[in-house]
Amino acid sequence: MIGALRAAFAKEDPRAKAEAALALPRDLVPDPDAQWPDRPGRPDRPVLVAARDVPKRSPAGPEGRIALLHALAHIELNAIDLALDIVGRFAGCEDLGGSEADFAADWIGVAAEEAKHFLMLAARLEALGSVYGALPAHDGLWQTALRTRASLLDRLAIAPLTHEARGLDVTPGMIARLDGAGDRESAGLLEVIYRDEIGHVAVGQRWFAHVCTRRGLEAGQAYAAALDRIALARPHPPFNEPARRAAGLAPSFDVDFLHAKVVEPAEMPANLRFLGESS
């Protein structure tokens, strides 16, 4: 079964990769001896540029909405590969302590949802007269994947607990801006992604806590130490505290979290306020 995982990771065509990720069985048995590649398959386009050179436009206009959705599609494509990579690279890690099958099932499930997100965004881009690959993108997410390839603890701290958790902070604002621009269809896609990403952060938090327990580490201190090792900037406010708490993140997972301005439920779109009410 590891061959199917590797094949999905290696696919260069984004749609084929997403469809392969959706088809992976949850009961896949990881091979701890596999020589996992450092980079996934990637298409010729989008052209990868420095993050500062990726076009940034207001979503108030059609070009800006396309730029936003293209950037999000690129993130979701990377997220598919990050979920596949964490299984292929780390599912034999001794930190899992016999929980390898559950670990693999969780992250294959995440990969399937990221694939769903990519396909939704790619279809929406086409409906707006564009395609994924039409605009430049950056390689920042995979650069951090390379920097965390030797440590499961670092990978969990950086990918789900920093990058994806930041998505929880910023997505309600993007939804509001798309709604303000009259693009309810795109806003609705982001609502689906937002809810799913809470679950992805929760998966990351659960396995980060598991590894910390196995190593006898305090989670908040281990998280801060991982950021220092990777030389990644500390998360900064404002934080979406209700969504983070819904994902199981304690305040100690964010430097200065207790002193930050949080996004209150009343500031969110009405259909997302349930997060604050349930946390």
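A short reminder: the numbers here are calculations on the coordinates, not readings from a lab. Source: prediction; values computed, not measured. A quick note on method: Cβ atoms are made from the backbone with ideal geometry, for glycine too, and the neighbour counts reach across all protein chains shown.
Net charge around Pro59, counting only other residues with Cβ within less than 12 Å of its Cβ (Lys, Arg = +1; Asp, Glu = -1)?
Net of charged neighbours comes to +1.
Could you line up Trp142, Trp207 from fewest to most neighbouring Cβ atoms inside 10 Å?
Lowest count first: Trp142, Trp207.
Roughly what would the spin-label model give for Asp31 and Val192, points 7 Å off Cα along C-beta, in nm?
Result: 3.4 nm between the two label points.
What is the extension gain from Ala250 to Leu146, computed as 0.36 nm multiplied by their sequence separation minus the C-alpha to C-alpha distance, in nm to one decimal?
That pair, Ala250 and Leu146, stretches by 34.7 nm at full extension.
With contacts defined as alpha carbon pairs under 8 Å and 6 or more residues apart, what's the relative contact order of the chain in percent?
18 percent
Anyone know which of Val203, Val192, Val29 comes out most mobile in the 10 Å Cα GNM of the chain?
Largest GNM mean-square fluctuation: Val192.
Order of 117-124, 211-218 by packing, highest average Cβ count within 10 Å first?
My ranking of the peptides, most packed first, is 117-124, 211-218.
For region 125-227, what's the relative contact order in percent, using C-alpha pairs closer than 8 Å and at least 6 residues apart?
After rounding, I find 32 percent.
Given the peptides 45-52, 155-162, arrange them by the average over their residues of other C-beta atoms within 10 Å, most packed first.
155-162, 45-52
Enumerate the helices in the chain for which the Kyte-Doolittle hydropathy averages 0.0 or more and the C-alpha atoms extend at least 20 Å along the helix's axis, using complete DSSP H runs.
TM-like helix candidates: 62-90, 100-127, 165-180.
Just add up the charged neighbours of Gly216: K/R +1, D/E -1, any other residue whose Cβ is under 15 Å from the Cβ of Gly216.
-1
How far apart, in nm, are two points set 7 Å out from the Cα along the Cα-to-Cβ line at Arg15 and at Ala60?
About 3.5 nm separates the two model spin labels.
GNM, the chain, Cα, under 10 Å: largest mean-square fluctuation among Ile230, Ile86, Ile193?
Looking only at Ile230, Ile86, Ile193, the biggest GNM fluctuation is shown by Ile230.
Run lengths n ≥ 4 of DSSP H only: what is the helix-derived mean residue ellipticity at 222 nm for the chain, with -39500 (n - 2.57) per run over all residues, to the nearest 500?
-19000 deg cm²/dmol
Could you state the principal axis extents of the C-alpha atoms in region 3-161, from the largest down, to the nearest angstrom?
51, 29, 25
Set the Förster distance to 35 Å, then compute FRET efficiency between Glu185 and Ala105 from the Cβ-Cβ distance, nearest 0.05.
Efficiency computed from Cβ-Cβ geometry: 0.60.
So, with +1 on the Cβ of K and R and -1 on the Cβ of D and E, and no other charges, what is the size of the charge dipole of the chain about its Cα centre, to the nearest 20 debye?
I would put it at about 460 debye.
Using a 7 Å offset from the Cα along the Cα-to-Cβ direction at both Asp44 and Thr213, what is the distance between the two label points in nm, to one decimal?
5.0 nm
List, in order, the whole-Hz ³J(HN,Hα) value for each residue of region 44-56 obtained from phi through the Karplus relation with A = 6.51, B = -1.76, C = 1.60 and θ = phi - 60°; use x for Gly and Pro.
5, 10, x, 5, 8, 10, 4, 4, 5, 9, 6, x, 10
Semi-axes of the equivalent ellipsoid of the chain: what are they in whole Å, largest first, if each equals the square root of 5 times a C-alpha gyration tensor eigenvalue?
Calculated on Cα positions only, the semi-axes equal 28, 25, 17 Å.
Rank Ser151, Ala123, Trp107 by how far each Cα sits towards the positive end of the charge dipole of region 80-219 (+1 on Lys, Arg Cβ; -1 on Asp, Glu Cβ) and give me just the farthest.
Ser151
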